[in-house]
Amino acid sequence: MHVLGERLKDLRIENGYKQEDLAKLINVTTSAYGYYEQGRNEPSLESIIKIAKFYKVSVDYLLGLINTPNHSVQYTITEDLSLNELELHTLKKLKDSFLKEISVHPEENVEKLHRYWEFMKNEH
């Protein structure tokens, strides 16, 4: 579990903790915790859960199953439409600026917007 050790070390350093701080959290010796970061030993499932809760990250992230600290949240709008957090944030920004104008003639305006976006992507 090389990824686990790297993530434990990265999170600890990013958050300004010492190995002994995390060792106390999960009730192991500082050297035992150091072995977790080195990949020489593996923490118990209970310890992994405590660490994940402490840093507010998913266990899947610690174990290397996903590459973001937490799973992406999906918001279901209708049966055939769901948005992740970034898409929802973008939509809110669009609503504040020109979504009402686009909605006047949605088919035509969305097509225009799509063509413009394609042009902008290809422009260097």
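The values are calculated or read from the model by the stated rules, or taken from the named source; none is laboratory data. Computed from a predicted model, the values in this text were never measured in an experiment. Virtual Cβ from ideal backbone geometry, glycine too; neighbours counted across all protein chains shown.
Scanning segment 35-66 for residues that are in contact with a helix residue (DSSP H, G or I) (Cβ under 7 Å, 6 or more places away or on another chain), of a type in the set (Gly, Ala, Ser) and over 15 Å from His2 (Cβ atoms) yields Ser47, Ala52, Ser58. Scanning segment 87-105 turns up no residue that is under 30 Å from Glu6 (Cα atoms) and at pLDDT below 85.
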